[in-house]
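Asker: Just passing along the structure, written as structure tokens.
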Amino acid sequence: MEFVDLKAQQKIIRKNIEAGIKKVLDHGKYIMGPEVGELEAKLAKFAKVRHAITCSSGTDALVMALMALGAGKGDGVFTTPFTFVATAEAICLAGATPVFSDIDPVGFNIDPGKLETAIKKVIKRNNIKPKAIIAVDLFGQPADYDKINKIAEKYGLFVIGDGAQSFGAKYKKKSACCAADIACTSFFPAKPLGCYGDGGAIFTNNDALAENLISIRVHGKGSHKYENVRIGINGRMDTIQAAILLEKLKIFPKEIELRQKAAKNYTKLISGISYLKPPAIKDDVTSVWAQYSLLARDEEKRNELIKKLNRAGVPTAIYYPKPLHIQKAFKDLGYKKGDFSVSENAAKRIFSLPMHPYLKHEDQNFIAKTLAD
Ligand SMILES: *Cc1c(COP(=O)(O)O)cnc(C)c1O
């Protein structure tokens, strides 16, 4: 059994992917070849956003988004400590300061009430200037954007959606990619829509921001590559990766449905187990189930269940075992254990089960049985 079965997917589309790669080898435009523009048009259409700008990774998407918004030295960017390191790392790379705020225990996304308290605290302390919020759509479920946007408006902040795990998810019937000023996603192979290497994309309805991002992606270019009007990065997506994504995007809507079916089935199977709490999806949103993450009663039970599953040949993962505020990389921010109790509690109890569109019913039954025994 695989945790994410990319081979099952490849079997279905291998021929088309090989044809797509061959086309790139034939025309030889490895950097910003025609497939990149074609993919951007298709991504924008799929996400129903004016601009889709592909880039080198989800991490670079976040860095570029922060650069485009002018977030840098002296600016505070709010996010949660219960996320992949790249969310906060990008803030540091842009030169700004991460300010952590705890998650809501049900959806594992930033708690809007606590967020406002954190913003007020920074304003009062007056050492950094609140600039932006990065809301993370953890495990594929969109954050509470209406509330977050309202708070952002009140304090004059930008909102970036870290949708690395949520591409294809819906927030109030609309694509989660248009719920924030800028949304970022990742096409790392194991994400819901993944390429065969690193890749990412940035989405916005704002024309000026899009223009800015296109410049930042190629070393801050002006009207051409050797006119440099701002500091940028080398943030391009490879043409070969775009060719692969063009094929994968074709089957992605169907794959989202299959993920949702698999998640529903898991929840049905384990909802009777007293020491487990299946994930809950909030009203008015859909998840693309980047992960099926559930809570055990306590740390001891979690570790016991993981051992049991692994022994039975079922791979598991823990996202995330150590919240960012207590990671060594962020020690200069001055946080300590106990600062974010909801994140710390989740880190002790959470674990993730195999999740991908080609998960078999019999495997899910076996996993549920192993968990219940
Ligand atoms: C994967 C991920 C990223 C980073 O994406 P890469 O493409 O690996 O750079 C950022 N944020 C979150 C929440 C992620 O899961």
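The values are calculated or read from the model by the stated rules, or taken from the named source; none is laboratory data. Worth saying up front: this structure is predicted, and the values here are computed from it rather than measured. Using ideal geometry, Cβ is built from the backbone for each residue, glycine included, and neighbour counts are taken over all protein chains shown.
Asker: Quick one: how many residues across segment 77-93 are surrounded by 24 or more Cβ atoms within 10 Å (Cβ to Cβ) and more than 9 Å from the ligand (Cβ to nearest atom)?
Answerer: The number of residues fulfilling the criteria is 8.
Asker: Strands (runs of 3 or more DSSP E) wholly in segment 124-240 with at least 2 residues that are more than 11 Å from the ligand (Cβ to nearest atom), farther than 19 Å from G95 by Cβ and at pLDDT 95 or above - which ones?
Answerer: Hits in segment 124-240: 200-204.
Asker: Let me ask something else. Go through (1) buried (at least 19 other Cβ atoms within 10 Å of the Cβ); (2) over 28 Å from K23 (Cβ atoms); (3) of a type in the set (D, E) for E211 and report which single condition fails.
Answerer: (1)
Asker: Inside segment 264-373, counting only helices (runs of 4 or more DSSP H) that do not spill past its ends, which hold 2 or more residues that are touching an Asp or Glu at 6+ places or on another chain (Cβ under 8 Å) and closer than 25 Å to D111 by Cβ?
Answerer: Correct list: 341-349.
Asker: Before we move on, is K29 more than 16 Å from the ligand (Cβ to nearest atom), assigned to a loop (DSSP other than H, G, I, E, B) and either among the hydroxyl-bearing types (S, T, Y) or under 18 Å from T239 (Cα atoms) (or both)?
Answerer: Against the criterion (more than 16 Å from the ligand (Cβ to nearest atom), assigned to a loop (DSSP other than H, G, I, E, B) and either among the hydroxyl-bearing types (S, T, Y) or under 18 Å from T239 (Cα atoms) (or both)), K29 qualifies.
Asker: Can you tell me how many residues in segment 32-48 are in a helix (DSSP H, G or I) and exposed (fewer than 15 other Cβ atoms within 10 Å of the Cβ)?
Answerer: Qualifying residue count for the region: 5.
Asker: Hey, another quick one. With respect to F366, determine if the residue is hydrophobic (A, V, I, L, M, F, W, C), modelled with pLDDT of 95 or more and buried (at least 21 other Cβ atoms within 10 Å of the Cβ).
Answerer: no
Asker: Another one. Can you work out which of the residues in segment 95-109 that are of a type in the set (G, A, S) and closer than 28 Å to I281 by Cβ is modelled with the highest pLDDT?
Answerer: Taking the candidates together, the pick is S101.
Asker: Can you tell me which of A52, A71, A65 is part of a loop (DSSP other than H, G, I, E, B), surrounded by 14 or more Cβ atoms within 10 Å (Cβ to Cβ) and within 21 Å of the chain's Cα centre (by Cα)?
Answerer: Just a single option satisfies the conditions, and that option is A71.
Asker: Could I ask something else about it? Taking the criterion of being under 24 Å from A94 (Cβ atoms), crowded, with 17+ Cβ neighbours inside 10 Å and touching a residue at least 40 places away in the same chain (Cβ under 8 Å), would at least one residue in segment 264-278 satisfy it?
Answerer: Checked segment 264-278: no residue is under 24 Å from A94 (Cβ atoms), crowded, with 17+ Cβ neighbours inside 10 Å and touching a residue at least 40 places away in the same chain (Cβ under 8 Å).
To keep it simple, each residue is scored yes or no on (1) modelled with pLDDT of 95 or more; (2) of a type in the set (K, R); (3) touching a Phe, Trp or Tyr at 6+ places or on another chain (Cβ under 9 Å); (4) closer than 18 Å to V159 by Cβ.
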{"position": "A44", "(1), (2), (3), (4)": "yes, no, yes, no"}
{"position": "D75", "(1), (2), (3), (4)": "yes, no, no, yes"}
{"position": "L93", "(1), (2), (3), (4)": "yes, no, no, no"}
{"position": "D111", "(1), (2), (3), (4)": "yes, no, no, yes"}
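Asker: Looking only at segment 309-333, which residues are in contact with a Ser or Thr (Cβ under 6 Å, 6 or more places away or on another chain), of a type outside the set (A, V, I, L, M) and within 29 Å of A372 (Cβ to Cβ)?
Answerer: Y319
Asker: In segment 102-123, what residues are in contact (Cβ under 8 Å) with a residue 40 or more places away in the chain and assigned to a loop (DSSP other than H, G, I, E, B)?
Answerer: Once the filter is applied, which keeps residues that are in contact (Cβ under 8 Å) with a residue 40 or more places away in the chain and assigned to a loop (DSSP other than H, G, I, E, B), segment 102-123 yields D102, D104, P105, V106, G107, F108, D111.
Asker: Any residue in segment 51-62 that is more than 14 Å from G232 (Cα to Cα) sitting within a Cβ distance under 6 Å of a residue that is of a type in the set (S, T, N, Q)? List the pairs, counting only those 6 or more apart or interchain.
Answerer: H51/T204; G58/S186
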